[in-house]
Amino acid sequence: MTSQIISYCRIKNDGVILNDRPLPYDTSSLKQWYQGLSIHYPKFHKMDRYSQLVFLGVEELWTQIRPAIDFEASISMIFANSNSCIHTDMGFYKTLEKNRPSPSLFVYTLPNIMMGELSIRHQWKGEQFFFILPKFDAIFYYNYTNLQFEIGKKFALVGWVEQTGQQLDLLLYFISNSSVTGPISIAHTIEELNKLYTI
């Protein structure tokens, strides 16, 4: 069976695109985006901006495909960026310099916590991987996702989730290696991944 990208979300400073369709959200106002989704998840307000962006992007994706996926399905998560959460770590370091360390700056920032919150929120079961890569690498994503499929996984949530200073660079997408389809159907190839990233 050929795996397919069945939903994607591209987030940059100039806007949000969900499955080729621009969304009416300003990435500088995440609270407005959160309210527009009409969800209630108090932990969202404790997250740093980076984690909030991933959370919101995944909410958009999951809304598109949730009805088609078995509730008990195992979903592998494969995320990466170039610097983990150093932007928030630096903010915490500045509070140390002032002798006023603020735990609230890092409690919900580590990548494993962000991925854990996604699993808790959606009750997903499956492996979670977070890699540090110098840049978006379609070949790496393609090969690692296929490894998951070779061991029997049917679904993967994959993401490049980068924030450098104020610059946002996020690409999130769901892949199906089953008969389940979504609002889009893009062949899971290195070429198509590079196309999505350049949107």
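Figures for the structure shown
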{"quantity": "Test: residue in region 84-98 that is hydroxyl-bearing (Ser, Thr, Tyr) and modelled with pLDDT of 90 or more", "calculated": "no"}
{"quantity": "Hits in region 39-49 - residues which are surrounded by 15 or more Cβ atoms within 10 Å (Cβ to Cβ) and touching a residue at least 24 places away in the same chain (Cβ under 8 Å)", "calculated": "MET47, ASP48, ARG49"}
{"quantity": "Selection from region 23-38 of residues that are at pLDDT below 90 and among the hydrophobic types (A, V, I, L, M, F, W, C)", "calculated": "LEU30"}
{"quantity": "Sole residue being within 21 Å of VAL54 (Cβ to Cβ) and surrounded by fewer than 17 Cβ atoms within 10 Å (Cβ to Cβ), chosen from THR181, THR164", "calculated": "THR164"}
{"quantity": "Close pairs (8 angstrom Cβ cut-off, 6 or more residues apart or separate chains): touching a residue at least 40 places away in the same chain (Cβ under 8 Å) and within 12 Å of GLN52 (Cα to Cα) in region 17-38, of a type outside the set (D, E, K, R) and outside any strand (DSSP E or B) anywhere", "calculated": "THR27/ASN13; THR27/TRP33; THR27/LEU53"}
{"quantity": "Within region 115-126, considering residues that are in a loop (DSSP other than H, G, I, E, B) and in contact with a helix residue (DSSP H, G or I) (Cβ under 9 Å, 6 or more places away or on another chain), the one farthest from TYR41 (Cα to Cα)", "calculated": "GLY126"}
{"quantity": "Complete set of residues in region 20-31 that are farther than 17 Å from ARG10 by Cβ and either surrounded by 12 or more Cβ atoms within 10 Å (Cβ to Cβ) or in contact with a helix residue (DSSP H, G or I) (Cβ under 9 Å, 6 or more places away or on another chain) (or both)", "calculated": "LYS31"}
{"quantity": "Matching residues in region 127-151 - criterion: being modelled with pLDDT of 90 or more and part of a loop (DSSP other than H, G, I, E, B)", "calculated": "LEU133, PRO134, LYS135, PHE136, ASP137, ILE151"}
{"quantity": "Flag for VAL107 being closer than 16 Å to SER7 by Cβ and either modelled with pLDDT of 85 or more or surrounded by fewer than 18 Cβ atoms within 10 Å (Cβ to Cβ) (or both)", "calculated": "no"}
{"quantity": "Matching residues in region 11-56 - criterion: being touching a strand residue (DSSP E or B) at 6+ places or on another chain (Cβ under 9 Å), aromatic (Phe, Trp, Tyr) and more than 15 Å from LEU172 (Cβ to Cβ)", "calculated": "none"}
{"quantity": "Condition check for ARG10: basic (Lys, Arg) and surrounded by fewer than 19 Cβ atoms within 10 Å (Cβ to Cβ)", "calculated": "no"}
{"quantity": "Selection within region 148-169 - touching a residue at least 24 places away in the same chain (Cβ under 8 Å) and either touching a His at 6+ places or on another chain (Cβ under 7 Å) or farther than 16 Å from ILE5 by Cα (or both)", "calculated": "VAL161, GLU162, GLN163, THR164, GLY165, GLN166, GLN167, LEU168, ASP169"}
{"quantity": "Whichever residue in region 186-199 is in a loop (DSSP other than H, G, I, E, B) and surrounded by 12 or more Cβ atoms within 10 Å (Cβ to Cβ) and, among such residues, is farthest from the chain's Cα centre (by Cα)", "calculated": "THR189"}
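The values are calculated or read from the model by the stated rules, or taken from the named source; none is laboratory data. Being a predicted model, the structure only gives us computed values, none of them experimental. A quick note on method: Cβ atoms are made from the backbone with ideal geometry, for glycine too, and the neighbour counts reach across all protein chains shown.
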